[in-house]
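Below: one structure, written as C-alpha cells.
The values are calculated or read from the model by the stated rules, or taken from the named source; none is laboratory data. All of these numbers come straight from a predicted model, not from anything done at the bench. No Cβ is skipped: glycine too gets one built from the backbone with ideal geometry, and neighbour counts run over all protein chains shown. Remember, those area values only see protein heavy atoms, side chains included, never the ligands or the DNA or RNA. Shrake-Rupley method; radii C 1.70, N 1.55, O 1.52, S 1.80 Å.
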Amino acid sequence: MRPGPGHAQGPAAIRLVWVYPDLLSTYGDRGNLLMLARRARLRGIGVEIAEVNSDQRVPVDGDIYLLGGGEDLPQVLAARRLRAGGGLAAAADRGAVIFAVCAGYQIIGTEFGGPEGEPVRGLGLLDIRSGRGERRGVGEVTADVDPALGVERLTGFENHQGVTRRGPDVKPLATVLTGVGNGDGTEGAYHGRVVGTYLHGPVLVRNPSLADLLLSWVAGPLPTIDPGQEDLVLKLRGERLAAQSSLG
C-alpha cells in the first residue's frame, strides 16, 4: 500500500496488479480486479491499478496480484515468462497477496498439464500439482469455505479438465457441495496469502466476502459498506445460490 499524506501509520492506497491480461483473461476474470477496486474505494481506501501484459515486467511492489483463466498455449507461455521474469515470485516472497483463477491457479503451483497433457513447470508459489482429469468440470459450483477464513459460501462457474492435488501444508479453500472443483471434493487451495480457485463468475463479484478477505490482508479490519451500495451484488449472489438450491 502507498502511504498517504498525514498517515503516519496506516497507508492510504492499495496497489492492484492485473497480471498478463493479454494471455490470462477468459470468462470476464477482469471483474475480480474491478470488484476489489470498487470495494476498497467504497471504504475510502485509495486504489492504484497496474495492468501488466506479457511483454512487460511484473512489478514487485504491488499489494494484490490477480491472474485469470486462459487457454492451454497462452497458459504455458504465461508460466514461462513469469518464471523468467521473477517479479511475481519476488512479490509473493515479500508477503503480497496472490489471487489466481483457473489457468492462473495451475500456474502458481509446482506443475500443471500442457496442451498434450505433458507436465509443465509452474511458479511453485503454492504446493499444488495439476493434471488432466477424465471428465471436464463445466457448470455452476457451490462450496463451503474453510471456516478459518470467515468467508460465506462460494458460488461460481467452472470450465476446466484439471485435477489438482495439494501438498501437506496447503489447505483446500472450500469443500464442494455441487460441481467438480479440484476433483477430490474440494475447491481451490490456499497457503498464507496465496489463494487459487477454479471459479469464474467473476468469483469475487459473486462472493464479496472473499474479496473483502483479500483486502483485509492488506488494509487490516475493514469498515462495513452501505447496504445500498451492494444491491446488485447481493441480488446476483442470491440468484445463483437459489438456482443451485433448486437443483439440489
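See the values below:
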{"quantity": "Pair list, Cβ < 6 Å and 6+ apart or interchain, from the range 176-203 residues that are over 11 Å from GLY156 (Cα atoms) to residues that are at pLDDT below 95", "calculated": "VAL180/GLY137; GLY183/GLY133"}
{"quantity": "Matching residues in the range 124-159 - criterion: being under 16 Å from VAL195 (Cβ atoms) and among the small types (Gly, Ala, Ser)", "calculated": "GLY124, SER130, ALA143, ALA148, GLY150, GLY156"}
{"quantity": "Boolean, VAL97 is touching a strand residue (DSSP E or B) at 6+ places or on another chain (Cβ under 9 Å), under 20 Å from PRO172 (Cα atoms) and at pLDDT 95 or above", "calculated": "yes"}
{"quantity": "Number of the exception - HIS200 against (1) under 19 Å from the mean Cα position of the chain (by Cα); (2) over 25 Å from ARG38 (Cα atoms); (3) modelled with pLDDT of 95 or more", "calculated": "(2)"}
{"quantity": "Of residues in the range 143-175 being over 17 Å from the mean Cα position of the chain (by Cα) and assigned to a loop (DSSP other than H, G, I, E, B), the one surrounded by the most Cβ atoms within 10 Å (Cβ to Cβ)", "calculated": "GLY167"}
{"quantity": "Matching residues, the range 61-91, being within 18 Å of the chain's Cα centre (by Cα) and assigned to a loop (DSSP other than H, G, I, E, B)", "calculated": "GLY62, ASP63, GLY68, GLY70, GLU71"}
{"quantity": "Residue that is least open to solvent (accessible area, probe 1.4 Å), among those in the range 219-242 that are in contact (Cβ under 8 Å) with a residue 12 or more places away in the chain and of a type in the set (Asp, Glu)", "calculated": "GLU230"}
{"quantity": "Pairs where the first residue, in the range 70-98, is open to solvent by 80 Å² or more (accessible area, probe 1.4 Å) and the second is among the β-branched types (Val, Ile, Thr) and modelled with pLDDT of 95 or more, C-beta under 8 Å, 6+ apart", "calculated": "ARG94/VAL60"}
{"quantity": "Test: residue in the range 50-57 that is assigned to a helix (DSSP H, G or I), at pLDDT 95 or above, within 25 Å of SER209 (Cα to Cα) and open to solvent by 40 Å² or more (accessible area, probe 1.4 Å)", "calculated": "no"}
{"quantity": "For GLU140: the one exception among (1) over 30 Å from GLY86 (Cα atoms); (2) out of contact with any Lys or Arg (no Cβ under 9 Å at 6 or more places or on another chain); (3) not in a loop (DSSP other than H, G, I, E, B)", "calculated": "(2)"}
